[in-house]
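Input: a single structure, listed below in structure tokens.
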Amino acid sequence: MDATRTTEVYTDGACLGNPGPGGWAWAVPGGGFASGAEAHTTNQRMEIQAALDAVRSLDGPLVVVSDSTYVVNCFRDRWWEGWLARGWTNKAKKPVANRDLWEPLIEAVRADPNRVSFRWVKGHSDDPMNDLVDRLAVEAARTQAGRSGDEPPTALGPADTPGLGPERPFERDGGRSGDVDPRLPPGRLVAAMGHKPPELGGYEPNPTADAVRAKLAEVLAAKRQIDPDLVLLTGLGLGTEQLAAEAAAEAGVPYVAVLPYPDPDSQWPSSSRKAFRSLLDGAQSAVVLQNKPPATKQLAGAALRRRDAWLARHSKEALAVWDGQDPSIGRAVRAMQDALGEDDVWIVPPLLS
């Protein structure tokens, strides 16, 4: 390989369950490839491992091409600088997940800042090299055996195909690269979650809610500058979810109402129902996840949990209004961080100066 010529290397990771048996792979167009496996891992770890092995194995200038925003955004948005400055903690002051893989990858990239760059490619978009490393990673996950060679192989198993439904045997990117709900618009999808009115100053207009709305609008407007196709996903529940919809409208970001079941506002006071219906009318579209309202509070709670899991599967980022104390919100935040990556969950405290 010419050490002076820039080489494109495609990388990918797969996991049979998340966590579960995993595989990783990299390949150079018209050149070498490698894959490997781990018995119990996660998709995110396999994505990092693929990039790490490629950077370690290949000489000269590299462009690492990945469909993982978790990997690409770490370097594009320079997450790693914050991690190092905070002593390997994230913005929530929690230890950075997967540090044992991130640290050697970041060290390898920093060793020669001009040698390695990263580029995102959309998964399952008919890119032949993305498809190749996808198939190699899936093969490694299934067989729990890696392989390598000097030119891309031709004998490969099936890809991680989107749309296989509930019997789909594995997920990539927390399910966000596949099983995409056709009711969703294209774009970079960001979910809203967090506190309800008691922690946001009450049910009536108040300074705390106003401050949270303004901060959410500020964050969404900034994100829209980076991703013009930004779309907010919100359940339109009282509190954060409605404030986020109002903030999206203020920032010029379209929003999609994701309802756990029909008429979730049916038991609300008339003024709250009116506000809900107004926001629903302003949504770009609405996705209703089950056909009938639940018959009991327990079933309603289960529907809301399914809604939250659906948001984690389909979102690329999340905005979480959380005081850092409430345990139920904390659990939801941590679940979203597990699904998306810690630095793709932006935490906004409810009390702002």
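The values are calculated or read from the model by the stated rules, or taken from the named source; none is laboratory data. The model shown is predicted, which means the values in this text are computed figures rather than measured ones. In this analysis, Cβ positions are derived from the backbone assuming ideal geometry, glycine residues included, and neighbour counts consider all displayed protein chains.
Of all residues in segment 61-89, how many are in a strand (DSSP E or B) and exposed (fewer than 14 other Cβ atoms within 10 Å of the Cβ)? Steps first, please.
So in segment 61-89, the residues in a strand (DSSP E or B) come out as 62-66, 89.
Remaining after also requiring exposed (fewer than 14 other Cβ atoms within 10 Å of the Cβ): 63.
Count: 1.
Quick test of your reading of the structure: V55 fulfils all but one of (1) part of a helix (DSSP H, G or I); (2) buried (at least 23 other Cβ atoms within 10 Å of the Cβ). Name the failing condition by number.
It fails just one condition, (2).
Could you list all residues from segment 308-336 that are of a type in the set (A, V, I, L, M, F, W, C), under 22 Å from V219 (Cβ atoms), in contact (Cβ under 8 Å) with a residue 40 or more places away in the chain and in a helix (DSSP H, G or I)?
Keep residues of segment 308-336 that are of a type in the set (A, V, I, L, M, F, W, C), which gives 309-312, 318-322, 329, 332-333, 335-336.
If we keep only those that are under 22 Å from V219 (Cβ atoms) as well, we get 311-312, 318-322, 329, 332-333, 335-336.
With the extra rule that they be in contact (Cβ under 8 Å) with a residue 40 or more places away in the chain, the set shrinks to 311-312, 318-322, 329, 332-333, 336.
Listed by number, the residues that qualify are L311, A312, I329, A332, V333, M336.
Of the residues that sit in segment 183-198 and are of a type outside the set (A, V, I, L, M) and within 11 Å of L238 (Cα to Cα), which one is nearest to the chain's Cα centre (by Cα)? Steps first, please.
Our first condition is that a residue be of a type outside the set (A, V, I, L, M); within segment 183-198, this holds for 183, 185-188, 194-198.
Those still in the list that are within 11 Å of L238 (Cα to Cα) too: 194-198.
Numbers: G194: 17, H195: 21, K196: 23, P197: 27, P198: 29 Å.
Here the residue is G194.
Can you name the residue in segment 14-52 that is under 17 Å from the mean Cα position of the chain (by Cα) and either assigned to a strand (DSSP E or B) or of a type in the set (S, T, N, Q) (or both) and is also nearest to W120 (Cα to Cα) among such residues?
Taking segment 14-52 as the starting set, the residues that turn out to be under 17 Å from the mean Cα position of the chain (by Cα) are 14-15, 17-19, 42-48.
Keeping just the survivors that are either assigned to a strand (DSSP E or B) or of a type in the set (S, T, N, Q) (or both) gives 14-15, 18, 42-44.
On the way: A14: 17, C15: 20, N18: 22, T42: 20, N43: 17, Q44: 15 Å.
In this case the residue turns out to be Q44.
For a quick check of your reading: which strands (runs of 3 or more DSSP E) sit entirely within segment 211-307 and have at least 2 residues that are without any contact (Cβ under 8 Å) to a residue 40 or more places away in the chain? Walk me through it before giving the result.
On the way: elements: 230-234, 255-259, 285-288.
Because the criterion is at least 2 residues that are without any contact (Cβ under 8 Å) to a residue 40 or more places away in the chain, the strands (runs of 3 or more DSSP E) in segment 211-307 that meet it are 255-259, 285-288.
Yes/no matrix, rows are residues, columns are (1) over 23 Å from A339 (Cβ atoms); (2) hydrophobic (A, V, I, L, M, F, W, C):
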| site | (1), (2) |
| --- | --- |
| P228 | yes, no |
| A247 | no, yes |
| R277 | yes, no |
| L280 | yes, yes |
| V287 | no, yes |
| Q290 | no, no |
| K316 | no, no |
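Failed condition for L101, given (1) assigned to a helix (DSSP H, G or I); (2) at pLDDT below 95, with all others met?
Only one criterion in (1) assigned to a helix (DSSP H, G or I); (2) at pLDDT below 95 is unmet by L101, namely (2).
Here's a check for you: in segment 279-304, which residue that is under 20 Å from G239 (Cβ atoms) and loosely packed, with under 13 Cβ neighbours inside 10 Å is nearest to the chain's Cα centre (by Cα)?
Step by step, filter segment 279-304, then rank; the result is G301.
Against the condition touching a helix residue (DSSP H, G or I) at 6+ places or on another chain (Cβ under 6 Å) and under 17 Å from M129 (Cβ atoms), how does T11 come out, does it pass? Show your work before the answer.
Working: touching a helix residue (DSSP H, G or I) at 6+ places or on another chain (Cβ under 6 Å): yes; under 17 Å from M129 (Cβ atoms): yes.
Judged against the criteria, T11 is a match.
Looking only at residues that are on the phi > 0 side of the Ramachandran plot and not polar (S, T, N, Q) in segment 100-148, which one is surrounded by the most Cβ atoms within 10 Å (Cβ to Cβ)? Spell out the reasoning first.
If we filter segment 100-148 for residues that are on the phi > 0 side of the Ramachandran plot, which is where we start, we get 124, 126, 144.
Now drop any that are not not polar (S, T, N, Q), which leaves 124, 126.
Working: H124: 18, D126: 7.
Restricting to residues being on the phi > 0 side of the Ramachandran plot and not polar (S, T, N, Q), the top hit is H124.
Could you go through segment 247-262 and let me know if any residue there is outside the structural domain of E47 (by TED's automatic domain parsing), at pLDDT 90 or above and more than 18 Å from A192 (Cα to Cα).
Here is the first cut: in segment 247-262, the residues outside the structural domain of E47 (by TED's automatic domain parsing) are 247-262.
Filter again for at pLDDT 90 or above, leaving 247-262.
Adding the requirement that they be more than 18 Å from A192 (Cα to Cα) leaves 262.
The answer is yes, given that some residue of segment 247-262 is outside the structural domain of E47 (by TED's automatic domain parsing), at pLDDT 90 or above and more than 18 Å from A192 (Cα to Cα).
Output the number of the condition that R273 fails; it satisfies all remaining conditions of (1) surrounded by fewer than 16 Cβ atoms within 10 Å (Cβ to Cβ); (2) over 20 Å from K297 (Cα atoms); (3) not small (G, A, S).
Looking at each condition in turn, R273 falls short on (2).
Any chance segment 111-129 includes a residue that's modelled with pLDDT of 90 or more, assigned to a helix (DSSP H, G or I), within 24 Å of the chain's Cα centre (by Cα) and basic (K, R)?
Taking every residue of segment 111-129 in turn, none turns out to be modelled with pLDDT of 90 or more, assigned to a helix (DSSP H, G or I), within 24 Å of the chain's Cα centre (by Cα) and basic (K, R).
A quick yes/no check of all residues on (1) of a type in the set (A, V, I, L, M); (2) closer than 26 Å to D229 by Cα:
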| site | (1), (2) |
| --- | --- |
| Q290 | no, no |
| L304 | yes, no |
| W310 | no, yes |
| D326 | no, no |
| G330 | no, no |
| V333 | yes, yes |
| M336 | yes, yes |
| D344 | no, yes |
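For the structure I just gave you, tell me whether T7 is touching a residue at least 24 places away in the same chain (Cβ under 8 Å), closer than 24 Å to E139 by Cα and among the β-branched types (V, I, T).
It is false that T7 is touching a residue at least 24 places away in the same chain (Cβ under 8 Å), closer than 24 Å to E139 by Cα and among the β-branched types (V, I, T).
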